[in-house]
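Q: Before I ask anything, let me first share the structure, which is written out below as structure tokens.
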Amino acid sequence: MFAYIVRRIVATIPVVAIVALFIFSLLYFAPGDPAAIIAGDQASPADVERIRASLGLDRPFVVRFAEWSWQVLHGDLGVSIFTNLPVTKMIGQRIEPTVSLMLLTLLLAISTAVPLGVLAAWKQGTWIDRLVMMIAVSGFSVPVFVVGYILAYVFALSLDWFPVQGYTPFSLSDPLPWLRNLILPAMALGLAFVALIARITRATMLEVLSQDYIRTARAKGVGQRPILFLHALKNAAVPIVTIIGIGFAGLIGGAVVTESVFAIPGVGRLVVDAILRRDYPIIQGVVLILSFVYVLVNLGVDLLYTLFDPRIRY
Amino acid sequence: MKRRTLLQGFGASAAALAAPNLAAAQGSRVLKFIPQSDLTVLDPIWTTAYVTRNHGFLVFDTLFGSDGAFKASPQMAEGMTAENDGKLVRITLRSGLKFHDGSPVLARDCVASIKRWGARDSFGQTLMAVTDELTAPDDKTIQFKLKKRFALLPDALAKSSSNFCAIMPERLALTDPFKQVTEMVGSGPYKFKADERNVGHLVVYERNAAYVPRANGVSDCTAGPKVANFDRVEWHVIPDGSTAAAALQSGEVDWWENPTGDMLPLLRKAGVTVTVQDPTGLIGCMRFNQLQPPFDNPAIRRAILGAVSQEDYGIAIAGDDTSMYSTGVGVFTPGTPLASKAGMEPLLGKRDYDKVKRDLAAAGYKGERVVLLAPTDLNVLKMQGDIAGDMLKRAGLNVDVQAMDWGSVVGRRVNKGPIDKGGWNVACTFWAGGDQLNPAGHTFLRGNGEAGGNWGWPNSPKLEELRNAWFDAPDLAAQQKLAQDMQVQVMQDVPYIPLSQTMQATAFRKDITNVPNGFAMFWNVRKS
């Protein structure tokens, strides 16, 4: 197992390298010029050229890529063109809100969706099943920003239960402010995820519940709860865990919108702002880190399989 | 655990979580403000971004300030003397000025700051062009030896728009003007808190306890005493308009610099003060690439004047509230001393597209493709692009509207080449009215062609001649006459077309008072 983990981590290196080359090339050849944005309307082409030179943007592709790669290998993601701050510092400031939002969303979504999916499968064809599926369809259909606005209007503006926007860093001594800031965004972001997981859970559970060993368990007098949660759910877990891993990418995309709606200073907003400004080092740094995280999540999912299905060995 | 105990625990947690939001219950010593955009660049000399200007005026002070009538008066300066027929100007600094690092403000700091600013700003460049020598003969005196009298020297140093003459310590001011200064040490009423900065989220300033406001004068815009009434000013970057409106209504923030037009009725209904503090507003401009056909032909550009409906632009941007936009806008900001209607007939009156088509044909337009750069990610620019595309099509031009983000537009528009090599023909933008008060800061009035001009590269020797004469004008009456002549010339050479003036509302809670007129300034503001 350990050797497998090491092999998988080593295998991420070429993946991340290809991502790095791809994103660097894409940004190099994409239209837009940060020097022109900085210089503003009143600048002459000579002014723009001087700013471009001072930022090192006038150098050839190969030189810039080699220099950036060398920096990355030394743990340095470069310096933001606009703020002149180290990219690692900027990402460091933003990582906690995004990770907090995603973890809370995952927690809320899994803890809601799996029981809902199990319930729907158990009560297949009843009004409960239809209600759960209606929630699932709604979750897929309503855009995350609409859900966000509705939640903010009802629970923040009208009822004044939660803040409209912002983020409070996590504190062990008083985690409530952190939680109050994140509840609404996590609910908004998690709705589509709930829908996805609930549907997959239901479908997989229905398949498992029709298996012979479930019928045998029932015949032996095993109760409904042990059948559902001990025998069926564990065997249905592999596809569910897979879909959670795949959904992680969707969560990253959704986090960008949610962070904007609730003014959470996360990585999503950082990279969107950087794209609009053409702040290349930030875009490259964030994409590189996210691709690495995504690879690690997939690795984690693969390892989780072994917990749920002992037949899987690496 | 018993079920009842568990439920009680859940109930207590939920109650704590959903306790009424107490964010508003901050002390009156903290001002929470939503800026127009994220503050990414700190150096007000390095960029022309208006948000950086607003930040700059918190941190840096200026030698002269400018009041609501655009009249310059001493700010850091104690006074100014002129000798030798106005060619030897000495400015003395007032006592007690200190930078945020505790060091005294010396004349050599001011000299270095003026030189750095003069390398980048168009008004500053004009001042430096007539300056033979700029020195600091002692710690209190800044001395200009000029080639000729330059009556606008205080106005230049009092410039209150982008690229204002921010005074910083010499060690920072010696930085290459084309490189950013990121250490924010000024002598203004508020200090920048670098340790609390979270780009894209939060910018914090704290009161500069060592700041000594002017003892005399009337506070107005950047002139007169600047009193810092808050211990902290926090800028909360909220990119989404609906969220910003909700945050203002709920009391999580005190002041939203530029609420979006669709939110104004909602904010008024919620009891928020919605007002226009800056009467100069924003003025839209249509710019042509004059190096490439068809707009290298002045007759074609003149024909387009007949197609422009300023009202369409005003309504598209500001809605149908006529108090929020103006038409009949010439090259100088309406309501300011140089504004007039001279030569504006082509822009006024009923729009006759058939006549425009005939004029275009007579001017030699043969249906060439015209590339319009249309940004889609900034509201005002998006509206301008939509209206311009429709207007040019109705005028009979073969318009290719190329939608892209703003970052792509600014990269694209410096391309002087033909459209089949990535060039462009027409694009719209807007500037603050404060940048179009006079020829000094009004870059689109330049006619210095490909060599010196900015994007569009109009060539108009007559316009340049009038501009140079304006700097030498002995009094306001002479300036106004030259300004009228310039406007007439603009309608002939058409370096650009003014589109409309739209007002930018600002919104703050009822307990906020004494907000200065002009752009977002934070001195003298109070919170009850």
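Q: Taking only region B:228-248 into account, find how many residues are more than 7 Å from chain A (Cβ to nearest Cβ) and of a type in the set (D, E).
A: Qualifying residue count for the region: 2.
Q: Which of (1) of a type in the set (D, E, K, R); (2) surrounded by fewer than 16 Cβ atoms within 10 Å (Cβ to Cβ); (3) under 27 Å from B:G364 (Cα atoms); (4) in contact (Cβ under 8 Å) with a residue 60 or more places away in the chain does B:K350 not meet, given it meets every other one?
A: The single condition B:K350 does not satisfy is (4).
Q: Only one of A:I227, A:I275 is without any contact (Cβ under 8 Å) to a residue 24 or more places away in the chain, among the aliphatic types (A, V, I, L, M), within 14 Å of chain B (Cβ to nearest Cβ) and more than 18 Å from A:L151 (Cα to Cα). Can you tell me which?
A: A:I275
Q: OK, next. Output the residue which, of all residues in region B:47-78 that are at negative phi and surrounded by fewer than 20 Cβ atoms within 10 Å (Cβ to Cβ), is farthest from the other protein chains (Cβ to nearest Cβ).
A: B:E78
Q: Further, regarding this structure: Quick test of your reading of the structure: B:R394 fulfils all but one of (1) facing chain A (nearest Cβ under 8 Å); (2) at pLDDT 90 or above. Name the failing condition by number.
A: It is condition (1) that B:R394 fails.
Q: Search region B:427-462 for residues being hydrophobic (A, V, I, L, M, F, W, C), surrounded by fewer than 24 Cβ atoms within 10 Å (Cβ to Cβ) and part of a strand (DSSP E or B), and hand back the single one that is farthest from the other protein chains (Cβ to nearest Cβ).
A: B:A432
Q: Could I ask something else about it? Out of B:D296, B:D262, B:D312, B:D278, report the one residue that is assigned to a helix (DSSP H, G or I) and more than 14 Å from every other protein chain (Cβ to nearest Cβ).
A: Only one candidate passes the filter, namely B:D312.
Per-residue answers, yes or no, for (1) of a type outside the set (D, E, K, R); (2) away from chain B (no Cβ under 14 Å):
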| position | (1), (2) |
| --- | --- |
| A:G75 | yes, yes |
| A:P86 | yes, no |
| A:R94 | no, no |
| A:V118 | yes, yes |
| A:T126 | yes, yes |
| A:R130 | no, yes |
| A:S138 | yes, yes |
| A:D160 | no, no |
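Q: If you scan region A:250-270, which residues turn out to be at the interface with chain B (Cβ under 10 Å from one of its Cβ atoms) and in a helix (DSSP H, G or I)?
A: Hits for region A:250-270 are A:V257, A:E259, A:S260, A:V261, A:R269, A:L270.
Q: Would you confirm whether any residue within region A:201-216 is within 13 Å of chain B (Cβ to nearest Cβ) and either among the aliphatic types (A, V, I, L, M) or surrounded by fewer than 23 Cβ atoms within 10 Å (Cβ to Cβ) (or both)?
A: Taking every residue of region A:201-216 in turn, none turns out to be within 13 Å of chain B (Cβ to nearest Cβ) and either among the aliphatic types (A, V, I, L, M) or surrounded by fewer than 23 Cβ atoms within 10 Å (Cβ to Cβ) (or both).
Q: Do we find that B:R287 is of a type outside the set (A, V, I, L, M), under 30 Å from B:R412 (Cα atoms), touching an Asp or Glu at 6+ places or on another chain (Cβ under 8 Å) and outside any loop (DSSP other than H, G, I, E, B) in this structure?
A: No, not satisfied.
Q: Scan region B:400-415 residue by residue and report those that are surrounded by 21 or more Cβ atoms within 10 Å (Cβ to Cβ) and more than 7 Å from every other protein chain (Cβ to nearest Cβ).
A: Across region B:400-415, the qualifying residues are B:V409, B:R413.
Q: Right, next: Only one of (1) over 15 Å from the mean Cα position of the chain (by Cα); (2) modelled with pLDDT of 90 or more; (3) within 12 Å of chain A (Cβ to nearest Cβ) fails for B:P44. Which number is that?
A: (1)
Q: Also, quick follow-up: Restricting to region B:349-382, name every residue that is out of contact with any strand residue (DSSP E or B) (no Cβ under 8 Å at 6 or more places or on another chain) and closer than 26 Å to B:G261 by Cα.
A: Once the filter is applied, which keeps residues that are out of contact with any strand residue (DSSP E or B) (no Cβ under 8 Å at 6 or more places or on another chain) and closer than 26 Å to B:G261 by Cα, region B:349-382 yields B:D377, B:L378, B:N379.
Q: Based on this model, can you work out whether A:A109 counts as touching a Lys or Arg at 6+ places or on another chain (Cβ under 6 Å) and of a type in the set (A, V, I, L, M)?
A: It is false that A:A109 is touching a Lys or Arg at 6+ places or on another chain (Cβ under 6 Å) and of a type in the set (A, V, I, L, M).
Q: Of (1) assigned to a helix (DSSP H, G or I); (2) free of Cβ contacts under 8 Å to residues at least 40 places away in the same chain; (3) more than 14 Å from chain B (Cβ to nearest Cβ); (4) not basic (K, R), A:L26 satisfies all except one. Which?
A: Here A:L26 clears every test but (3).
Q: State the number of residues belonging to region B:193-210 that are touching a residue at least 60 places away in the same chain (Cβ under 8 Å) and either more than 23 Å from A:D279 (Cα to Cα) or small (G, A, S) (or both).
A: Looking only at that region, the number is 4.
Q: Would you confirm, using the coordinates I've provided, whether A:G247 is within 22 Å of A:V146 (Cα to Cα) and either more than 14 Å from chain B (Cβ to nearest Cβ) or in contact with a strand residue (DSSP E or B) (Cβ under 7 Å, 6 or more places away or on another chain) (or both)?
A: yes
Q: When you go through (1) touching a helix residue (DSSP H, G or I) at 6+ places or on another chain (Cβ under 6 Å); (2) assigned to a helix (DSSP H, G or I) one by one for A:T242, which number turns out not to apply?
A: It fails just one condition, (1).
The values are calculated or read from the model by the stated rules, or taken from the named source; none is laboratory data. Note that the structure is predicted; figures quoted are calculated from it, not measured. Neighbour counts run over all protein chains shown; Cβ positions are idealised from the backbone, glycine included.
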